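A short reminder: the numbers here are calculations on the coordinates, not readings from a lab. On a predicted model such as this, the values are computed, not experimentally measured, just so you know. Don't worry about glycine lacking a Cβ; one is built from the backbone with ideal geometry, like all the others, and counts go over all protein chains shown.
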Amino acid sequence: MLEHLVALSSTILLYVKSMDARLRSLETKDVKQAEDLVMIENRLPIRTIEALQQFEIELAFNEDFKSKFASYIKVIGGRHGKDNINRILKRVYSNELGVKCSWLGQRQNYRVCDLLNIKLVKDEVLKVHGLKELDFESYASEWFRLSKLRLQREEGPKE
């Protein structure tokens, strides 16, 4: 009987140690992910064309940064596709920058439809919400088109 209890307690001890190791692994993973998200959040929203170009260069040449940005946009979420797009664009682009951009670059605005950060956003939203590419383009271009109105509301009435 005593031998059985000793064997059982050693089995329980091994099980508890393995659970402890897994828990520690999860805790460090969560802390690392939180640090990564804070690192991305500190660079956003992008306010100038130059900062946007630098952000794009970093996405293109730094795979670690690219995966952190992809994780960041996954966390933002939304009730439906349009809401998700609006929430992501609001966090990535400032209204001041949105005024200087347009989807196709018309009227001498900066063209955003081909940017890597937009492609990452599109991939995520299409995957999660099952939108058509046309719907994504329509919602995103509308967000940029309405940037001026949002900026005016932000600044308040002019006296």
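For C101, what residues show an amide H to amide H distance below 5 Å, using hydrogens built from the backbone and excluding near sequence neighbours?
Hits under the 5 Å cutoff: Y110.
Each label point is 7 Å from the Cα along the Cα-to-Cβ direction; what then is the distance between the points at L26 and E96, in nm?
Distance between label points: 4.3 nm.
Full extension from E58 to L151: what is 0.36 nm times the residue separation minus their Cα-Cα distance, to one decimal in nm?
Full-extension gain reported as 30.7 nm.
Arranged from highest to lowest average of other beta-carbon atoms within 10 Å per residue, in what order do the peptides 8-21, 128-141 appear?
Going by the mean number of other Cβ atoms within 10 Å, highest first, we get 128-141, 8-21.
Please report, ordered by residue number, every helix of the chain (full DSSP H runs) that is 24 Å or longer along its axis going by C-alpha atoms and whose mean Kyte-Doolittle hydropathy reaches -1.0.
2-41
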